[in-house]
1. Please find, among ILE287, ILE307, ILE378, the residue that is within 20 Å of GLY241 (Cα to Cα), touching a residue at least 60 places away in the same chain (Cβ under 8 Å) and not hydroxyl-bearing (Ser, Thr, Tyr).
2. How many residues does segment 131-165 hold that are part of a strand (DSSP E or B) and aliphatic (A, V, I, L, M)?
3. So in segment 156-181, with the set limited to residues that are surrounded by 21 or more Cβ atoms within 10 Å (Cβ to Cβ) and among the hydrophobic types (A, V, I, L, M, F, W, C), which one is nearest to LYS115 (Cα to Cα)?
4. For LYS389, all conditions in the list (1) surrounded by 15 or more Cβ atoms within 10 Å (Cβ to Cβ); (2) at pLDDT below 75; (3) in contact with a Phe, Trp or Tyr (Cβ under 7 Å, 6 or more places away or on another chain) hold save one; what is the number of the exception?
5. Quick one: would you say ALA245 is among the hydrophobic types (A, V, I, L, M, F, W, C), in contact with a helix residue (DSSP H, G or I) (Cβ under 7 Å, 6 or more places away or on another chain), buried (at least 20 other Cβ atoms within 10 Å of the Cβ) and at negative phi?
6. Is it the case that segment 352-364 has a residue that's of a type in the set (Ser, Thr, Tyr) and surrounded by fewer than 23 Cβ atoms within 10 Å (Cβ to Cβ)?
7. Looking at ILE49, ILE36, ILE62, ILE126 in this structure, which one is in contact (Cβ under 8 Å) with a residue 60 or more places away in the chain and surrounded by 13 or more Cβ atoms within 10 Å (Cβ to Cβ)?
Amino acid sequence: MNIGVILAAGASERFRSTVHKQYLKLNGKEVIYYSINGMSEAKCFDKIIAVVDANEYESGYIANKYGITCVSGGQTRNGSVKNALDFIVKNGWTGGKVIFHDCARPFVKSSVFAKYIELLDKYDAIATTAEITDSLVNNKNGIFVNRRDYSLVQTPEAFRFDVLNKVFDETSTATAIISQIKPSSSVLLEKSNAFNFKITYPEDLFLAEQLMRIDFLHGSTIKNCARKIEGKVLLLGGSGGVGGAIKEKLDFLGTEYYAPGHSELDLLNVTSEKIAAACPFKPDVIINVAAAYESDDAGLLQSFDKIFDVNLRSNLVLIEYAKTLKKRVNIVVMSSSSSTRGRENLTNYSAAKAALNSIVESQGRILSESEIYFNAIIPEKINTPLIGKLHKTHINTRELLDAEEVVDAVMYCAVTNEHGKLIHIRKGL
């Protein structure tokens with residue numbers, strides 16, 4: 001059997017909270033949820049066990065809420081590991097593979113668990129490691145050591161159950177489980193290829209919330225993305241700088257598209273019915289890069305309806321329109337880096353884009369169940385005529401994205417199966 005064990009019995013002493021950090025909410029879900037969900041989505045475990053503190057074990061809240069088995073933790077981390085191993089033996093689940101993961105590492109991907117289960121066919125044990133990027137000094141003698149000779153041990157840690165259970169010593173002071181495996185065993189130190197952030201201090205919880213919202217497409221991933229879109233495209237905002245570049249790309253790819261002007265489809269009062277009447281086909285991809293802007297000088301209340309109707313409401317209409325098509329649709333909308341923090345003199349514009357981000361996050365998974373793949377591109381300043389209108393001061397072009405860089409990201413999202421993503425594009429990445 002393959003067993004997943006989540007270590008969640010810690011007292012959160014460094015976190016200093018009245019509620020243990022594993023049960024605090026992280027973007028609306030308990031911190032421990034992300035490890036449970038990662039293991040569940042991996043679909044490689046016969047049983048998932050959480051080792052929890054005594055109060056949680058008695059309450060049964062997490063066990064009942066997420067349908068997992070909970071085991072009472074020990075006095076130390078190794079005591080909790082031993083309790084999990086003993087529970088597995090008691091239930092006759094020996095002879096298989098076991099993976100341990102810290103509940104305080106919520107960024108783990110399900111693919112990592114599945115990969116480690118497969119690797120255990122070849123190795124006795126696997127530990128996730130990370131490179132050390134700071135300098136290292138011996139506290140006792142002040143001698144600096146070569147950091148390349150060392151790595152940080154993280155979780156997940158994976159083992160053939162019988163190999164680990166035979167040698168495990170709960171009295172050991174070593175916190176890495178892998179340290180107890182005999183040198184003669186076949187051990188793989190697998191470098192983490194993803195962000196494996198651990199929540200240790202209160203600030204980490206809030207940092208993790210922001211990190212969970214961020215994706216970025218590396219230039220090498222999207223550069224010269226020329227995958228042909230299988231179908232037809234509805235493009236809104238085609239008269240702008242980015243829109244014009246998108247049209248050039250679609251022409252190059254030989255993709256059929258419809259890019260209505262303001263007189264054909266006014267986003268200030270657009271409806272699903274108006275889109276259906278104007279568009280000559282049922283699109284497979286909907287791209288909205290249209291934008292309305294006003295500086296705060298125009299008056300916050302006076303400019304509110306215009307900015308929010310074009311930058312926010314129109315995208316809600318596109319969602320409703322996509323639902324009427326009753327088929328797979330990719331929706332790509334344009335947010336802005338001003339959504340990450342309110343910009344002075346662009347209050348309504350920043351607020352509308354921030355609200356758009358929230359809608360993408362809230363609706364992404366739900367829409368994907370109907371094969372509507374909804375994502376937002378969040379570029380920094382782009383070298384288009386709009387930038388001069390938004391910012392009254394001169395901006396050196398070295399700070400600006402080229403429109404083509406944004407187009408590549410749009411094309412990438414036009415064919416993806418991902419959903420609910422806020423994809424940041426930055427100059428130089």
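1. On the way: ILE307 fails: touching a residue at least 60 places away in the same chain (Cβ under 8 Å); ILE378 fails: touching a residue at least 60 places away in the same chain (Cβ under 8 Å).
After applying the criteria, what remains is ILE287.
2. Residues flagged as part of a strand (DSSP E or B) and aliphatic (A, V, I, L, M) within segment 131-165 amount to 6.
3. Checking each candidate, the answer is ALA158.
4. Unmet for LYS389, out of (1) surrounded by 15 or more Cβ atoms within 10 Å (Cβ to Cβ); (2) at pLDDT below 75; (3) in contact with a Phe, Trp or Tyr (Cβ under 7 Å, 6 or more places away or on another chain): (1).
5. Numbers: among the hydrophobic types (A, V, I, L, M, F, W, C): yes; in contact with a helix residue (DSSP H, G or I) (Cβ under 7 Å, 6 or more places away or on another chain): yes; buried (at least 20 other Cβ atoms within 10 Å of the Cβ): yes; at negative phi: yes.
Yes; evaluated as a whole, the condition is true for this residue.
6. Our first condition is that a residue be of a type in the set (Ser, Thr, Tyr); within segment 352-364, this holds for 358, 362.
This time we only want the ones that are surrounded by fewer than 23 Cβ atoms within 10 Å (Cβ to Cβ), so: 358, 362.
Yes, segment 352-364 contains at least one residue that is of a type in the set (Ser, Thr, Tyr) and surrounded by fewer than 23 Cβ atoms within 10 Å (Cβ to Cβ).
7. Values: ILE49 fails: in contact (Cβ under 8 Å) with a residue 60 or more places away in the chain; ILE36 fails: in contact (Cβ under 8 Å) with a residue 60 or more places away in the chain; ILE62 fails: in contact (Cβ under 8 Å) with a residue 60 or more places away in the chain.
Every option except ILE126 fails the conditions.
A quick yes/no check of all residues on (1) touching a Phe, Trp or Tyr at 6+ places or on another chain (Cβ under 9 Å); (2) surrounded by fewer than 18 Cβ atoms within 10 Å (Cβ to Cβ); (3) part of a loop (DSSP other than H, G, I, E, B):
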site: THR324; (1), (2), (3): no, yes, no
site: LYS327; (1), (2), (3): no, yes, yes
site: ILE331; (1), (2), (3): yes, no, no
site: SER350; (1), (2), (3): no, no, no
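The values are calculated or read from the model by the stated rules, or taken from the named source; none is laboratory data. Source: prediction; values computed, not measured. Counting neighbours? That spans all protein chains shown, and the Cβs are built from the backbone with ideal geometry, glycine included.
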